[in-house]
1. On the basis of being farther than 20 Å from LEU269 by Cα, of a type outside the set (A, V, I, L, M, F, W, C) and modelled with pLDDT of 75 or more, does GLY191 make the cut?
2. Quick one: TYR176 ticks every box in (1) assigned to a helix (DSSP H, G or I); (2) surrounded by fewer than 19 Cβ atoms within 10 Å (Cβ to Cβ) bar one, so which box is it?
3. Take segment 267-293 and flag every residue that is over 23 Å from ASN115 (Cα atoms) and among the aromatic types (Phe, Trp, Tyr).
4. So how many residues does segment 267-281 have that are in a helix (DSSP H, G or I) and surrounded by 17 or more Cβ atoms within 10 Å (Cβ to Cβ)?
5. When you look at ASP204, is it touching a residue at least 40 places away in the same chain (Cβ under 8 Å), in a loop (DSSP other than H, G, I, E, B) and over 26 Å from TYR37 (Cα atoms), yes or no?
6. Could you list all residues from segment 140-160 that are crowded, with 22+ Cβ neighbours inside 10 Å and assigned to a helix (DSSP H, G or I)?
7. Quickly run through segment 152-178 and pick out the residues that are modelled with pLDDT of 95 or more and among the hydrophobic types (A, V, I, L, M, F, W, C).
8. Can you tell me how many residues within segment 229-258 are in contact (Cβ under 8 Å) with a residue 60 or more places away in the chain, in a helix (DSSP H, G or I) and out of contact with any Cys (no Cβ under 9 Å at 6 or more places or on another chain)?
Amino acid sequence: MAAQTTHPVPHGASLRIDRRQDRSRHLRRLLAYSDLYHRAQWRRRYRVAGTLLVAAVAPVAVLVFPAAGEMLAVVGAAWLMVSRTALAWLEERAVYRAAAVQELYETELFELPWNTALAGARPAPEEVASAAARIRRPDRYRGWFGIEVRDVPWPGDVLLCQRQSMVWSLRDHRAYSAALLAAGLGWFTVGMALALYRDLSLADYLVRLFLPVCPALLDCVELAGAHRRHAGRREEALQEMQDLWDAHRGDPAGLDPGDCRRVQDVAYLLRRDGPKIPGIFYRLRRGASERSTAEGAAALVDGLETT
């Protein structure tokens, strides 16, 4: 099969992505956005830790210090306000910075143009260098796109890498949504059991148990729904990517780079505005996600060879 390239190939893009991704300039940007996301996650952890602390202390306090129920209700309401205003703003600001650096990493690696109208100005080199220097073990980030693109020409190899990232995140968001629902249901069940054990009236239950844990329950329900909806949007984007691949299976070099740029726009917005997966959840699933996405990409490349 002879590929008929219909678009000019940018300088350097003829080299395989899995080879050039570990060059120092690309690796530095990868390290930088990983550090920035890590810092954003810490801000998220502070919010979650405070919410869980209030939710965990409330049932114990009701059993040991029954008179503390009203005070805990006030604390729970105050924390709900602070968590969803000032702390949420700080987390969002950190995520925006990380998403911008990730966009810089991928557009430079993929040889795609920067979309100023969407992502704003490029992150400053000093910001990138400073964030990258905070990563203690950079070797762990080599071979980031762990798929075998073999001799798939540009921009077909770009679409494969974009697809891997989309599939990976889609699976994580689905799994995390289910985990959040299970956690919320479990905690609600514990509260009901304690109320029955203490023979609390409905009013006492609402003030002493439900209101203090309400922020945690709201977070579980709202986040589960947000992750489920986000997974749906990623599934729609994935289907569009699959349609592009199927349409150019016989000639990946004939894929319009503008289509890859539009895929990149969607990916950027999903990263910037979507709910976030905790780092520990991502790490627990990383091995299985890496294997499944690599096998999926290999199946597409095998199909290309038999076309």
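The values are calculated or read from the model by the stated rules, or taken from the named source; none is laboratory data. Only a predicted model underlies this, so the values are computations on that prediction, with no experimental measurement involved. Cβ atoms come from the backbone with ideal geometry, glycine included; neighbour counts cover every protein chain shown.
1. Numbers: farther than 20 Å from LEU269 by Cα: yes; of a type outside the set (A, V, I, L, M, F, W, C): yes; modelled with pLDDT of 75 or more: yes.
When the stated conditions are applied, GLY191 passes them.
2. (2)
3. PHE281, TYR282
4. Going residue by residue through segment 267-281, those that are in a helix (DSSP H, G or I) are 267-273, 279-281.
Filter again for surrounded by 17 or more Cβ atoms within 10 Å (Cβ to Cβ), leaving 267-268, 270-272.
Residues meeting the conditions: 5.
5. Working: touching a residue at least 40 places away in the same chain (Cβ under 8 Å): yes; in a loop (DSSP other than H, G, I, E, B): no; over 26 Å from TYR37 (Cα atoms): yes.
No.
6. Within segment 140-160, GLY156, ASP157, VAL158, LEU159, LEU160 qualify.
7. Across segment 152-178, the qualifying residues are VAL158, LEU159, LEU160, CYS161, MET166, VAL167, TRP168, LEU170, ALA175, ALA178.
8. Result for segment 229-258: 12.
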